[in-house]
Amino acid sequence: MKKQRKYLKDLIPVNINELVLSTGYYEITIGDKLLSLAPDRCPDGSYVISLFVNHLRQPKTWALSARPHVGRLRNGARIPY
């Protein structure tokens with residue numbers, strides 16, 4: 001049996017600015033699982049995005065940065081805002 005390939009076009013986009021600044025959470029149901037993302041403030045003052053599966057918090061988090069990411073890539077392209 002051949003493994004099904006994953007493509008960039010199949011990814012689900014999540015607007016992090018909207019998640020943090022207006023809604024406060026993101027939820028999607030995939031199969032029988034409810035996936036949720038929610039911003040949390042750490043004791044040191046930094047912010048992370050936390051993952052919940054069926055309302056159970058998972059140990060995986062992603063750090064948020066308030067700094068804009070700008071610059072140039074090797075192929076001459078630039079990183080837009």
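Extension gain, Ser65 to Glu18: 0.36 nm times the residue separation minus the Cα-Cα distance gives 15.5 nm.
Pairs of lysine residues in the chain that meet both criteria, 8 or more places apart or on different chains and Cα atoms under 23 Å apart, total 5.
Think of a 1.4 Å ball rolled over the protein heavy atoms: the chain then has 93 Å² of accessible area per residue. Computed from the C-beta positions of Asp32 and Tyr7, the FRET efficiency with R₀ = 30 Å rounds to 0.80.
Note on the chain: semi-axes of the ellipsoid equivalent to its C-alpha gyration tensor, largest first and rounded to whole Å, are 25, 23, 12.
Efficiency by 1/(1 + (r/R0)^6): what FRET value for Asn54 and Ile79, r their Cβ-Cβ distance, R0 = 25 Å, to the nearest 0.05? The computed FRET efficiency comes out at 0.10.
What a 1.4 Å probe finds exposed on the chain is 57% carbon and sulfur by accessible area, rounded to a whole percent. Each of Val53, Pro39, Val14 was placed along the dipole of the chain (beta-carbon charges, centred on the mean Cα), and the one lying farthest toward the positive end is Val14.
The values are calculated or read from the model by the stated rules, or taken from the named source; none is laboratory data. As the structure is a prediction and not an experimental result, all values here were calculated from the model. A quick note on method: Cβ atoms are made from the backbone with ideal geometry, for glycine too, and the neighbour counts reach across all protein chains shown. Side chains included, ligands, DNA and RNA excluded: accessible areas come from the protein's heavy atoms. Shrake-Rupley method; radii C 1.70, N 1.55, O 1.52, S 1.80 Å.
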